[in-house]
Amino acid sequence: MEIRAGACHRVVGASRQRARLELLLTMIVVLLALFVFSILIGGGTLGLGEAVAALFGWSSPENNMVMHSVRLPRALASLLCGAALGVSGAVLQALFRNPLADPYILGVSAGSSLTLALSILLGVTFGWWGAYSPYSLYLSAFMGALAVTLLMMIVSGFVRSVTTILVAGIMVGYVAYAVTSIVQALVEIERLRVFTYWILGSFSGARWSILGPGLPMLVACVVGSMLIAKPLDALLLGEDYARSMGMRMGLARLGLVTLASVSVAMVTTIAGPIGFVGLCAPYIARQALGTPAHRTLLPASALAGAILAMSADLAARLVARPVELPITAVTSLFGGPLVIYLLLRGRSIQA
Amino acid sequence: MIRALGLASGYGPRPVVRDVNLAVRPGEFVAVIGPNASGKTTLLKTLASLLRPLGGVVYLDGRPLTELKQREIARRVGVVLTESVKPGRLTVFELVALGRYPYTGPLGRLSENDRGEVMRALRDVGVEHLCNEVFSKLSDGQRQKVMIARALAQDPRVLILDEPVTFLDPKARVDILLSLRRICRERHIAVLASLHEIELALRLADRLLVVHDGFVESFDSPEEFVAKGGPEALYGLEGDANFSAVHMAMELRHHRSRQPVFVIAGAGTGALVYRMLSRLGYPIITGVLHRGDIDYSVASLLGARVVSEEPFRPVSREAFEEAQEAAGESFAAIYTSPPLGPMNSANQLLAKLLASCGVPLIVYGGGAVDGAWRRASTLSEVASALEELEQHRPRSGPRQVKPSCQSTAHLNTGAGPMAPRDT
């Protein structure tokens, strides 16, 4: 009896596991292809050979320069930011027990944008770095993200309804954007040009100067998230059950909120507020893998997020060439309908 | 072993439950009962350390809960709550494996031992065949079993369940409660379960923790609780219902708006007839029943007027006459064909007498009585016969008994069954 019961799990479990592994590998292949595509295409298209040569610095000086200071950082930024958004979406969805939780919808990105605007436009800083130091920007973006995430946690403590939290998040976002607009209006036009484009969201501004200090943190966030699969799984049953199984709620919440806020802050600083990747990536991962278990879901969300962000960036660059579209314009095209679909389906989380 | 001393628990500054003192040993099944909003859930959550006590201490294996780490508590206490969980497409195995949380490392990887414990828990509640099913696609009863298995996977010393069977069908209820009872003994763990099903609790639990108006009212064995009149007091059953100590069950008192029916029964042949009449709103007069006969206790519980005889005595003349007189108030009589012997053969005589005196007699249960108005082979035939009689006989005062029926002397020819009372 014992052997049969054990076997029943292992046989079926193993075949499922293999299917999931294959899916993850497929996603990695797709991602690599997108990466290559992304560094090949730009203002002028490079051939594969030229691109590889430029990558190693063997091409013409202009090609080398374009590759190293424009295309490579941009491709890396979209890949890592997408992954970070995917992970933060998955974390927020588990934390809020809400399939519609997403940094953009909950207003976390807007909070980041506001504090960033204060930093960039008014020179308000939270650290000991100068106003234009990347660290200072990251820190102020983190403060905004953290503040909104905590605010939303408090709101969700009072409100259970999935849609009410959603509306509250959108309203918090509006307020943050309103303040951001007021700040923008107060500043002379010269300083605004970059900012105006940034706030629409785009990876075009990704340069090593800002990306360099952020990259290790982004990698740490994505890799580190794999360590929190266990508490996130426990949260699938709700907070009371999670605590009854030995989870220290306060500590876990703090860790998860910090992780999500750091991820969103990094992304917002590098590329501006990017919508819906954090919503769609975990959704796609769950649908594709057929499991809410975070040991599989988190890497899959990271991969899906990276794929989404890279494809959206490519689309933004290619659709109206030579004009570049803001990236949220692209992501909203599939994000918006998904939100509506999830609302209409009305089922509770992570089905 | 779990122990509480002077425990007060609640959400705000004012405790919902206070002064709770209890100790539950391993292998003991405690049912927590009490009206809604009496504080059962609050108390259980506090014992499970999901709520901080407002006062007093909870001891687990002799150590206060406050001194134990969350993980140490989780290795000793498993809980099943009322809130429904929605873990998406998690499989049964994956869900139960979450119960190994306090044993696994930071990555949550399961060891062989963990897998074994998960399978043992699944087997203990009898759902190992579901291990690869998706949890959310199971029936309510199966889900509840899986949630119990998840708690058992924590290998707890104490299992706390908040209304584990409330929304389940009767089969699942009995099924789950019996498995809990068995697991409690086999695993030698203390089980505390709040139950609304007081009749099941009385049949199942070692002790009942009765919570009422924020206090523990009693903490006795079910039998002790019933003997002290606990159920009536707890649920305030005056007038509307009776609690039968013999049956450990509740009996409803129906409003009786119709005319009385006389029933001749005995040895359990009348029980269902009484219940049907009671439900249909007929006042019941019955006799002659021996005290202690099962029909006697059913009829008394239902509030019938019972003409009775001492146990193991032949029906006396006094009782016979009393029954005959009482029958005069009824518009119909039912004979339920009880097995006859020296002690009760007078009842057949009574049936014959009533029939001959013009009381419409319905014979149910396969017996035969001379002069019977109708034979009914099913209870619904009995019911429709009564309806028919009711329509033919407009409501009036007590029926006039024929003069020739006033006395039973002419019938009393034999000896045995009609012996005078004290001989």
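Do we have residue A:290 as within 26 Å of residue B:109 (Cβ to Cβ), within 14 Å of chain B (Cβ to nearest Cβ) and of a type outside the set (S, T, N, Q) here? It is true that residue A:290 is within 26 Å of residue B:109 (Cβ to Cβ), within 14 Å of chain B (Cβ to nearest Cβ) and of a type outside the set (S, T, N, Q).
Residue-level check: of (1) in contact with a strand residue (DSSP E or B) (Cβ under 9 Å, 6 or more places away or on another chain); (2) under 20 Å from residue B:282 (Cα atoms); (3) of a type in the set (Gly, Ala, Ser); (4) without any contact (Cβ under 8 Å) to a residue 40 or more places away in the chain, residue B:380 misses just (1). Here the range A:242-251 is the region considered, the condition is being at the interface with another protein chain (Cβ under 7 Å from one of its Cβ atoms) and in a helix (DSSP H, G or I), and the residue that is nearest to the chain's Cα centre (by Cα) is A:243.
Taking the numbered list (1) under 26 Å from residue A:119 (Cβ atoms); (2) within 14 Å of chain B (Cβ to nearest Cβ) in turn, residue A:212 passes all entries but (2). Checked against (1) touching a helix residue (DSSP H, G or I) at 6+ places or on another chain (Cβ under 9 Å); (2) in contact (Cβ under 8 Å) with a residue 40 or more places away in the chain, residue A:239 passes all but a single condition, namely (2). Residues of the range B:92-109 that are out of contact with any Cys (no Cβ under 6 Å at 6 or more places or on another chain) and either over 25 Å from residue A:228 (Cβ atoms) or modelled with pLDDT of 90 or more (or both): B:94, B:95, B:96, B:97, B:98, B:99, B:100, B:101, B:102, B:103, B:104.
Return yes or no: is residue B:266 crowded, with 20+ Cβ neighbours inside 10 Å, at pLDDT 80 or above and out of contact with any helix residue (DSSP H, G or I) (no Cβ under 6 Å at 6 or more places or on another chain)? Against the criterion (crowded, with 20+ Cβ neighbours inside 10 Å, at pLDDT 80 or above and out of contact with any helix residue (DSSP H, G or I) (no Cβ under 6 Å at 6 or more places or on another chain)), residue B:266 does not qualify.
Of all residues in the range A:257-273, at least one satisfies being closer than 15 Å to residue A:94 by Cβ, polar (S, T, N, Q) and touching a Cys at 6+ places or on another chain (Cβ under 9 Å). On the stretch given as the range A:66-109, residues that are among the charged types (D, E, K, R) and under 16 Å from residue A:219 (Cα atoms) total 1. The single residue among A:87, A:52 that is surrounded by fewer than 19 Cβ atoms within 10 Å (Cβ to Cβ), of a type outside the set (Gly, Ala, Ser) and in a helix (DSSP H, G or I) turns out to be A:52. Of the numbered criteria (1) over 26 Å from the mean Cα position of the chain (by Cα); (2) touching a residue at least 60 places away in the same chain (Cβ under 8 Å); (3) crowded, with 19+ Cβ neighbours inside 10 Å, the one residue B:180 fails is (1). Residue B:203 fulfils the conditions (1) part of a helix (DSSP H, G or I); (2) over 16 Å from the mean Cα position of the chain (by Cα) except for a single criterion, (2). For the range B:312-360, a tally of residues being in contact with a Pro (Cβ under 6 Å, 6 or more places away or on another chain) and charged (D, E, K, R) returns 2. Among the residues of the range A:9-23, the one identified as facing chain B (nearest Cβ under 9 Å) and at pLDDT 75 or above is A:16. The residue list A:227, A:237, A:232, A:254 contains one member that is within 30 Å of residue B:77 (Cβ to Cβ), over 13 Å from the mean Cα position of the chain (by Cα), among the aliphatic types (A, V, I, L, M) and in a loop (DSSP other than H, G, I, E, B), which is A:237.
The values are calculated or read from the model by the stated rules, or taken from the named source; none is laboratory data. Note that the structure is a prediction, hence the values are computed from the model and not measured. No Cβ is skipped: glycine too gets one built from the backbone with ideal geometry, and neighbour counts run over all protein chains shown.
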